[in-house]
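Asks: One structure is given below, represented as structure tokens, and several questions about it will come after.
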Amino acid sequence: MPQKRRPQSGARPPRKKGSKKANVLVPILILMILVLLLVFSFALSGGESSENQSETSSQPSSSENPQSSSQDPSGSPASESSETATSPGEETVDKMDWALILVNQTHILPDDYEVKTADSFNGKEFEYRANEYLKEMFAAAEADGCPMFLTSAYRSKSYQTGLFEQSVKTLMGQGMTREEAEAETARNIAVPGQSEHATGLAADIVNPGFFNQHAELNEAFANTKQSDWLLEHAVDYGFVLRYPKDKTDITGINYEPWHWRFVGPYHAKKMKEMNVTLEEYTQMLGLS
Ligand SMILES: [Zn+2]
């Protein structure tokens, strides 16, 4: 009531002018704050959406849709998100982490380790998933004029134990103690549980005529075109040279140009780029 009367009083003009200014300024300030808040929240929602997209592929885009419908300007980030939502799909690529199992002198294969194998070349068995890649690799090599020969693949732990025990008994029959015989045998035959061949992921590969010239596997294979082909192309099929010449201090195994290990194309490429062994690579990943 008093406010209504004031305008009618004589002293009102200066007050009215002042209050008019305030009445105009306040809404402008409120508008500016609102605009700033809108811009700020818009920028924040844009930042959040890009972070989420890198972690998960489908959820962020669906959770953003409600925002885009309630706010006009968020139409553009929504269209961005639908574009980037397709690229994170690459993260669903199977990295085949199961193929990174490390078996060596200090990483013994558990007794209950189970391997599902499939028929491979030359009557051998290979881990059934890796076998598909081995088949493709051999076919590609043959098409390039480099036919391959699979001389050893999956060897069960019990088979390895049999090989080992047979050698120990033979040496003991020659007068060695069991300790001496085991030590001597371990120089040539992997101790059961320490052979990568028990995983079904290791393939000993040579050229078809190799054993016509050599009684056993040796470094001469490194001088064949098959070896050259494998060094160049095996990575594409997920295989790495497991015991390189310059890494024997890390692997603890002599140079074996014939022994190729499946780790999957994703990890094989990374390992080749970084020039690391499976020992180094699994350590980098915190797996060993
Ligand atoms: Zn081997």
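The values are calculated or read from the model by the stated rules, or taken from the named source; none is laboratory data. These numbers come from a predicted model, not from an experiment. Note that we place each Cβ from the backbone using ideal geometry, even for glycine, and neighbour counts take in every protein chain shown. Ligands, DNA and RNA are excluded from the accessible area calculation, which covers all protein heavy atoms including side chains. Shrake-Rupley method; radii C 1.70, N 1.55, O 1.52, S 1.80 Å.
Asks: Give segment 162-221 a look and list any residue that's within 13 Å of the ligand (Cβ to nearest atom), among the β-branched types (Val, Ile, Thr) and in a loop (DSSP other than H, G, I, E, B), or say none.
Replies: Of everything in segment 162-221, just one residue is within 13 Å of the ligand (Cβ to nearest atom), among the β-branched types (Val, Ile, Thr) and in a loop (DSSP other than H, G, I, E, B), namely ILE189.
Asks: Evaluate the following for ASP119: is it more than 26 Å from TRP229 (Cα to Cα), of a type in the set (D, E, K, R) and open to solvent by 60 Å² or more (accessible area, probe 1.4 Å)?
Replies: No.
Asks: Kindly indicate which of GLY175, GLY145 is on the phi > 0 side of the Ramachandran plot, at pLDDT 95 or above and either touching a His at 6+ places or on another chain (Cβ under 7 Å) or assigned by TED's automatic domain parsing to the domain that holds GLU256 (or both).
Replies: Being on the phi > 0 side of the Ramachandran plot, at pLDDT 95 or above and either touching a His at 6+ places or on another chain (Cβ under 7 Å) or assigned by TED's automatic domain parsing to the domain that holds GLU256 (or both) holds for just one of GLY175, GLY145, which is GLY145.
Asks: What residue, of THR224, THR251, is open to solvent by less than 30 Å² (accessible area, probe 1.4 Å) and under 24 Å from THR106 (Cβ atoms)?
Replies: Within the list THR224, THR251, the selection yields THR251.
Asks: Can you find a residue that is open to solvent by less than 70 Å² (accessible area, probe 1.4 Å), assigned to a helix (DSSP H, G or I), of a type outside the set (A, V, I, L, M) and more than 30 Å from GLN226 (Cβ to Cβ) anywhere in segment 150-161?
Replies: Within segment 150-161 (the criterion being open to solvent by less than 70 Å² (accessible area, probe 1.4 Å), assigned to a helix (DSSP H, G or I), of a type outside the set (A, V, I, L, M) and more than 30 Å from GLN226 (Cβ to Cβ)), the answer is yes, since at least one residue qualifies.
Asks: Shifting gears a bit: Of all residues in segment 240-253 being within 12 Å of the ligand (Cβ to nearest atom) and not hydroxyl-bearing (Ser, Thr, Tyr), which is modelled with the lowest pLDDT?
Replies: Only one residue tops the list, namely ILE253.
Asks: Here's something else I'd like to know. Being open to solvent by 30 Å² or more (accessible area, probe 1.4 Å) and in the same structural domain as TRP229 (by TED's automatic domain parsing) narrows it down to one residue among GLU216, GLU184; which is it?
Replies: GLU216
Asks: List every residue pair whose Cβ atoms lie under 8 Å apart, where the two residues are 6 or more positions apart in sequence or sit on different chains, the first residue falls within segment 201-219 and is more than 11 Å from TRP258 (Cα to Cα), and the second residue, located anywhere, is among the charged types (D, E, K, R) and assigned to a strand (DSSP E or B).
Replies: Hits for this filter: LEU201/GLU127; LEU201/ARG261.
Asks: So, in segment 254-270, how many residues would count as being on the phi < 0 side of the Ramachandran plot, within 10 Å of the chain's Cα centre (by Cα) and either more than 16 Å from the ligand (Cβ to nearest atom) or surrounded by fewer than 22 Cβ atoms within 10 Å (Cβ to Cβ) (or both)?
Replies: Going through segment 254-270 one residue at a time, the tally reaches 6.
Asks: Follow-up question, since we're still on this one. Do we have any residue at all in segment 106-119 that's part of a helix (DSSP H, G or I) and either outside the structural domain of THR224 (by TED's automatic domain parsing) or aliphatic (A, V, I, L, M) (or both)?
Replies: no
Asks: Can you tell me how many residues within segment 162-179 are of a type in the set (Asp, Glu) and open to solvent by 100 Å² or more (accessible area, probe 1.4 Å)?
Replies: The number of residues fulfilling the criteria is 1.
Asks: Just one of GLN283, GLN226 is in a helix (DSSP H, G or I) and within 16 Å of the ligand (Cβ to nearest atom); which is it?
Replies: GLN226
Asks: Here is a follow-up. Going through segment 136-145 one residue at a time, which ones are crowded, with 16+ Cβ neighbours inside 10 Å and within 22 Å of the chain's Cα centre (by Cα)?
Replies: Listed by number, the list holds a single entry, MET137.
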